[in-house]
Amino acid sequence: MVEIRIASPFDLDQAHELGALTAQFYGRRSGRFISVVDMRGVEVLAPDVADDLLVNLRRANRRIERTAVLLPTSPTVALQVERLHREAGNPARHTFKDAISVTAFLDDVLSDDEKHALARFLT
């Protein structure tokens with residue numbers, strides 16, 4: 001399980017760094033991945049940052065088994081992330097407004113150790 005936490009300010013350099021780190025991670029391992037992304041600390045995504053994230057989402061599509069994104073309370077960011085998921089074209093990515101829903105969505109694909117790690121990550 002891949003855990004990613006994104007918080008504001010999140011700029012283009014950080015988006016590039018995230019893309020490089022995830023590409024490196026996927027390059028060192030085989031198979032498909034389950035990921036959880038905590039975006040509760042994001043206030044807004046600049047258009048260039050959103051564009052860069054979309055490139056990275058598309059690049060990772062074939063490696064994703066399931067992704068759960070925990071959204072911030074900002075409706076603007078929620079709409080941005082949902083648009084990114086639609087445009088990335090992977091139906092295995094879902095967005096959620098609460099940690100309980102994230103846990104329920106991932107529960108059947110995680111090992112017991114991963115379930116404990118998820119609980120720690122989300123608190």
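The values are calculated or read from the model by the stated rules, or taken from the named source; none is laboratory data. Here the structure is a predicted model, which is why all the values come from computation and not from measurement. We place every Cβ from the backbone using ideal geometry, glycine too, and count neighbours over all the protein chains shown.
Considering only residues that are in contact with an Asp or Glu (Cβ under 7 Å, 6 or more places away or on another chain) and of a type in the set (A, V, I, L, M), look in segment 7-45 and name the one that is surrounded by the fewest Cβ atoms within 10 Å (Cβ to Cβ).
Initial filter on segment 7-45 (in contact with an Asp or Glu (Cβ under 7 Å, 6 or more places away or on another chain)): 8, 12, 15-16, 19, 32-34, 36.
Adding the requirement that they be of a type in the set (A, V, I, L, M) leaves 12, 15, 34, 36.
Numbers: L12: 12, A15: 21, I34: 18, V36: 26.
Checking each candidate, the answer is L12.
Considering (1) in a helix (DSSP H, G or I); (2) modelled with pLDDT under 95; (3) in contact with a helix residue (DSSP H, G or I) (Cβ under 7 Å, 6 or more places away or on another chain); (4) over 16 Å from M1 (Cα atoms), say which one T76 fails and leave the rest.
T76 satisfies every listed condition except (3).
Restricted to segment 64-73, and to residues that are under 13 Å from the mean Cα position of the chain (by Cα) and assigned to a loop (DSSP other than H, G, I, E, B), which residue is surrounded by the most Cβ atoms within 10 Å (Cβ to Cβ)? Spell out how you get there, then give the answer.
Looking only at segment 64-73, we keep the residues that are under 13 Å from the mean Cα position of the chain (by Cα), and these are 64-72.
Of the ones still in play, those that are also assigned to a loop (DSSP other than H, G, I, E, B) are 71-72.
Details: L71: 22, P72: 20.
Here the answer is L71.
Would you call A50 of a type outside the set (D, E), surrounded by 15 or more Cβ atoms within 10 Å (Cβ to Cβ), assigned to a strand (DSSP E or B) and modelled with pLDDT of 95 or more? First the steps, then the outcome.
Details: of a type outside the set (D, E): yes; surrounded by 15 or more Cβ atoms within 10 Å (Cβ to Cβ): yes; assigned to a strand (DSSP E or B): no; modelled with pLDDT of 95 or more: yes.
For A50, the condition - of a type outside the set (D, E), surrounded by 15 or more Cβ atoms within 10 Å (Cβ to Cβ), assigned to a strand (DSSP E or B) and modelled with pLDDT of 95 or more - is not met.
Could you list, ordered by first residue, the pairs with Cβ atoms under 8 Å in which the first is in segment 112-123 and within 16 Å of I100 (Cβ to Cβ) and the second is in a loop (DSSP other than H, G, I, E, B) and modelled with pLDDT under 95, at least 6 apart or interchain?
From segment 112-123, the pairs are L118/M1.
Just checking, does segment 80-98 include any residue being outside any strand (DSSP E or B), under 12 Å from the mean Cα position of the chain (by Cα), closer than 21 Å to S111 by Cα and of a type in the set (G, A, S)?
Yes: one or more hits.
When only residues in segment 102-123 that are under 18 Å from G41 (Cα atoms) and at pLDDT 95 or above count, which is surrounded by the fewest Cβ atoms within 10 Å (Cβ to Cβ)? Walk me through it before giving the result.
Filtering segment 102-123 for residues under 18 Å from G41 (Cα atoms) gives 102, 118-123.
Filter once more, so that each one left must be at pLDDT 95 or above: 102, 118-122.
Details: V102: 23, L118: 21, A119: 11, R120: 9, F121: 17, L122: 17.
Across segment 102-123, the extreme among qualifying residues is R120.
Considering each residue of segment 1-34, count those that are basic (K, R), touching a residue at least 12 places away in the same chain (Cβ under 8 Å) and assigned to a loop (DSSP other than H, G, I, E, B), and give that number. Reasoning before the result, please.
Residues of segment 1-34 that are basic (K, R), as a first pass: 5, 28-29, 32.
Remaining after also requiring touching a residue at least 12 places away in the same chain (Cβ under 8 Å): 5, 32.
Cutting the leftovers down to assigned to a loop (DSSP other than H, G, I, E, B) gives us 32.
The number of residues fulfilling the criteria is 1.
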